[in-house]
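Working notes, structure below.
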Amino acid sequence: MADDVYIFGDGEIELNAGQRRETLTVRNTGDRAVQVGSHFHFFEVNRALGFDREKAFGMRLDIPSGTAVRFEAGDTKEVGLVEYGGGMRIVGFGGLLNGSIRSGSAREEAVARMHAQGYLDEHDGRPDGSGNGHRDGSKRRERTHAGSSRSKK
């Protein structure tokens, strides 16, 4: 038998069996499309995507490996998320979480960084706090076409 031959068994294979799942409504408030890959920590995706980030903590898109979901500017869509498996340690991505998704202190620090860095955070489809998406009432910084930033009220 050749080394590059795969023999598959009969029946269906359930992806991510037994893992916690969430469904979130996500809206792209930016002026550009955003594409998110299958294994990106969804809590840390682009700041202009509005959704309940705390529900997305420790989760990734529930899609096959190597695929992605694209959010066009102004789009709103529902996405399925699944909890990370393995060691449940997340490092890198947007730099919000660098530790275990099971650590309460790491979660608190990541949420604080999220708010301090201006990530849009919504609960039940509505921005929190002052109506700008941030519990602390801060203004979100928005990129203009020229690459400079301006305050968004």
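The values are calculated or read from the model by the stated rules, or taken from the named source; none is laboratory data. As the structure is a computational prediction, the values presented were derived from the model and not from experiment. Because the Cβ atoms are built from the backbone with ideal geometry, glycine has one as well, and the counts that use them run over all protein chains shown.
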Could you say whether any residue in the range 118-128 is of a type in the set (Asp, Glu), modelled with pLDDT under 95 and more than 20 Å from Arg21 (Cβ to Cβ)?
yes
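Go through the range 1-112 and tell me which strands (runs of 3 or more DSSP E), entirely inside it, have 2 or more residues that are within 19 Å of His123 (Cα to Cα). Talk me through it step by step, then tell me what you get.
Details: elements: 21-28, 34-37, 59-61, 68-71, 76-83.
Where strands (runs of 3 or more DSSP E) fall fully within the range 1-112 and carry at least 2 residues being within 19 Å of His123 (Cα to Cα), they are 21-28, 59-61, 76-83.
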From the option list Arg32, Arg53, Arg27, single residue qualifying as at pLDDT 95 or above and over 15 Å from the mean Cα position of the chain (by Cα) is Arg32
Within the range 6-62, the residues that are farther than 27 Å from Arg102 by Cβ, among the aliphatic types (A, V, I, L, M) and buried (at least 17 other Cβ atoms within 10 Å of the Cβ) are Val34, Ala48
Considering the range 80-116, residues that are surrounded by fewer than 13 Cβ atoms within 10 Å (Cβ to Cβ) and either touching a Gly at 6+ places or on another chain (Cβ under 9 Å) or among the charged types (D, E, K, R) (or both), and then whichever is modelled with the lowest pLDDT, we arrive at Val91
